[in-house]
Amino acid sequence: MSSQIWLGLLSGIAFGFVIQRVGATNPDKMARAHLMIEGGIPRFMLLAVLLSAIGLLGLDVSGVGRTLIIPASLVATGIAGVLFGIGWGLCGYCPGTTWAAAGEGRMDAVFALLGGLAGTALFAQVHEILIPLLHAPTNLGQITLADWFGSELAAAVVLVAVFAASILGIGMLWERD
Amino acid sequence: MDKNQLSPPYWKWVSAAFALAGIIVFVFATFGPPASSSGFVAVLKGAIAPVAPDYVEAKAHYRMSAGPGAWVFAFVLGMAIGGFIAARTFPAPVRDIPEIWEKRFGSSRIKRYAATFAGGFVILFASRLTGGCTLGLFISGSTQLAVSGLYFGVLIFAFAMLTARIVYGRAGKEGQ
C-alpha cells in the first residue's frame, strides 16, 4: 500500500522533528533526565502519553483508527524492561531516538543504530528458543487497565490521574525542567 | 556548550508534548499503534531477504514482522529525515560525544562508540523479546491503557536512572 508508505514517512518526519526540538535525541539531556537534574524530557513523555490516551478515547468513540495491545509477560517483559533500562541509561538513546539522532548526524547514534541492528539479528536468531522459555509461560495476555477497573473510562481516569501525579512529582524531585 | 552562549532554544516540554500527542493520535487514526523497534526488524528483513531468502522464511521473528514497504519501515526512515531537518535548522552544534560523557570518560571516540553500540545492542535485543520499545510498548501501550506498557515503563525508567548514576557517578552533578 503506497499510501501507508507516505503516511509512515510523513508521521516519522514530524515525530523525528519534535523529539529533536524537545532535546530527546540529545544523549546529554537524556543523561541529565536520568540523573534527576532536568525533568523536561520525562515530563514531556508522560504528558504526551496522557494527552494521547485522551485523544485515543475520542477516536474510539468516533470509531476511527486501530488499536493493538501487546501482551504482558511477567518474566519476558520484566527481563526486557531491566535490560532496556540498563542500555538506555548507558547510552542515552532508545530505539526511536537513534534514528532521529543518526539523522541529525550524531556519530555515536549511528553506532547505537548498528548495535541495535546486531541485537535485533541475534534475537531473531534465538526467538524460537527464548519466546517459549521466557515469554509464553508467564504471558498474561492482552490485559489493560480496563480489565482491572471495570470500564475504559474509569481506567482512563486512573491513568490520567497517575500520570498527572508523576508529572507533578518530577517537577518537585528533579532539580529543574 | 559554552557558558557565555545562550542555551539552545529547545521547545518547552508542555508544547512539545501537545505536538507529539497530536502526531501519535494521527498515527493511531491512520495506521495503528506507532512503533520503532519493529522498524529495525523491517530494515534487517529487507537487507537479508535478497541474500538469504530461505533464512528469512525459516525464522519466526522475520515471518511475523513487516518488511521494507511497510509503514514502520517508512516511519523509522522518516524519523531520520525529521532529525536531519531539525538539526539543520537548529543553532546548537551536533556533537558525536555528549558533554556529560566527555567529562566523565574523556574524548575517546572509540570508547563512546563502543558504549553506544553495546547499549543499542541491549535495548533492541530487549525490545524484541517483549515486542516493543519506549515508543512501541511504553508510549503506545500506555496510551491504550495496556498493562504491558505500564509495567515496562516503570522498569525502564527505574533501571535507566540507576544505571546513569553508576555510569556518571558524581561527574553528572558537577559543573552544571
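Could you say which residue among B:Ala92, B:Ala114, B:Ala49 is aliphatic (A, V, I, L, M) and either under 26 Å from A:Ser2 (Cβ atoms) or at the interface with another protein chain (Cβ under 7 Å from one of its Cβ atoms) (or both)? Show your work before the answer.
Working: B:Ala92 fails: either under 26 Å from A:Ser2 (Cβ atoms) or at the interface with another protein chain (Cβ under 7 Å from one of its Cβ atoms) (or both); B:Ala114 fails: either under 26 Å from A:Ser2 (Cβ atoms) or at the interface with another protein chain (Cβ under 7 Å from one of its Cβ atoms) (or both).
Going through B:Ala92, B:Ala114, B:Ala49 in turn, the sole match is B:Ala49.
Would you call B:Phe40 closer than 15 Å to A:Leu90 by Cα and aromatic (Phe, Trp, Tyr)?
no
Got a number for residues in segment A:10-41 being within 24 Å of A:Leu159 (Cβ to Cβ), facing chain B (nearest Cβ under 7 Å) and small (Gly, Ala, Ser)?
Residues meeting the conditions: 2.
Condition first: more than 28 Å from A:Val157 (Cα to Cα) and in contact with a helix residue (DSSP H, G or I) (Cβ under 8 Å, 6 or more places away or on another chain). Can you find one or more residues in segment A:42-65 that meet it?
Checked against the condition, which is being more than 28 Å from A:Val157 (Cα to Cα) and in contact with a helix residue (DSSP H, G or I) (Cβ under 8 Å, 6 or more places away or on another chain), segment A:42-65 yields no hits at all.
Being aliphatic (A, V, I, L, M), more than 7 Å from every other protein chain (Cβ to nearest Cβ), part of a helix (DSSP H, G or I) and under 16 Å from A:Gly96 (Cβ atoms): is that true of B:Ala42 here? Don't jump to the end; show me each part of the working.
Values: aliphatic (A, V, I, L, M): yes; more than 7 Å from every other protein chain (Cβ to nearest Cβ): yes; part of a helix (DSSP H, G or I): yes; under 16 Å from A:Gly96 (Cβ atoms): yes.
Answer is yes for this residue.
Filter segment B:67-109 down to the residues that are hydroxyl-bearing (Ser, Thr, Tyr) and outside the structural domain of B:Thr30 (by TED's automatic domain parsing), then identify the one that is nearest to A:Ile37 (Cα to Cα).
B:Ser107
At the interface with chain A (Cβ under 8 Å from one of its Cβ atoms), buried (at least 21 other Cβ atoms within 10 Å of the Cβ) and modelled with pLDDT of 95 or more: which single residue out of B:Gly32, B:Gly78 fits that description?
The conditions single out B:Gly78.
Please verify whether B:Gly169 is assigned to a helix (DSSP H, G or I), within 27 Å of A:Ser151 (Cβ to Cβ) and more than 7 Å from every other protein chain (Cβ to nearest Cβ), treating the condition exactly as stated.
no
Could you check, for segment A:10-25, whether at least one of its residues is in a helix (DSSP H, G or I), farther than 26 Å from B:Ala80 by Cα and of a type in the set (D, E, K, R)?
no
Going by the structure shown, is B:Gly132 within 14 Å of the chain's Cα centre (by Cα), within 7 Å of chain A (Cβ to nearest Cβ), part of a loop (DSSP other than H, G, I, E, B) and under 19 Å from A:Ala118 (Cα atoms)? Give the steps one after another, and end with the answer.
Working: within 14 Å of the chain's Cα centre (by Cα): yes; within 7 Å of chain A (Cβ to nearest Cβ): yes; part of a loop (DSSP other than H, G, I, E, B): yes; under 19 Å from A:Ala118 (Cα atoms): yes.
Yes, satisfied.
On the basis of being under 19 Å from B:Ser127 (Cα atoms), at pLDDT 95 or above and part of a helix (DSSP H, G or I), does A:Gly87 make the cut?
Here the answer is yes, as A:Gly87 does meet what is asked.
Exactly one condition in (1) buried (at least 24 other Cβ atoms within 10 Å of the Cβ); (2) under 24 Å from B:Ile100 (Cβ atoms) is not met by A:Leu83; state its number.
Here A:Leu83 meets the rest and fails (1).
Every residue, every condition in (1) at pLDDT 95 or above; (2) over 17 Å from A:Ile41 (Cβ atoms); (3) within 21 Å of the chain's Cα centre (by Cα); (4) surrounded by fewer than 16 Cβ atoms within 10 Å (Cβ to Cβ), yes or no:
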{"residue": "A:Ala100", "(1), (2), (3), (4)": "yes, no, yes, no"}
{"residue": "A:Gly103", "(1), (2), (3), (4)": "yes, yes, yes, no"}
{"residue": "A:Gly115", "(1), (2), (3), (4)": "yes, yes, yes, no"}
{"residue": "A:Phe123", "(1), (2), (3), (4)": "yes, yes, yes, no"}
{"residue": "A:His135", "(1), (2), (3), (4)": "yes, yes, yes, no"}
{"residue": "A:Ala146", "(1), (2), (3), (4)": "yes, yes, yes, no"}
{"residue": "A:Phe149", "(1), (2), (3), (4)": "yes, yes, no, no"}
{"residue": "A:Ala155", "(1), (2), (3), (4)": "yes, yes, yes, no"}
{"residue": "A:Val158", "(1), (2), (3), (4)": "yes, yes, yes, yes"}
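Go through segment B:89-122 and give me each residue that's part of a helix (DSSP H, G or I) and more than 20 Å from the chain's Cα centre (by Cα).
Those that are part of a helix (DSSP H, G or I) and more than 20 Å from the chain's Cα centre (by Cα): B:Glu102, B:Lys103, B:Arg104, B:Phe105, B:Arg109, B:Ile110, B:Lys111.
The values are calculated or read from the model by the stated rules, or taken from the named source; none is laboratory data. Just so it is clear, the model here is predicted, and its values are computed rather than measured. Cβ atoms come from the backbone with ideal geometry, glycine included; neighbour counts cover every protein chain shown.
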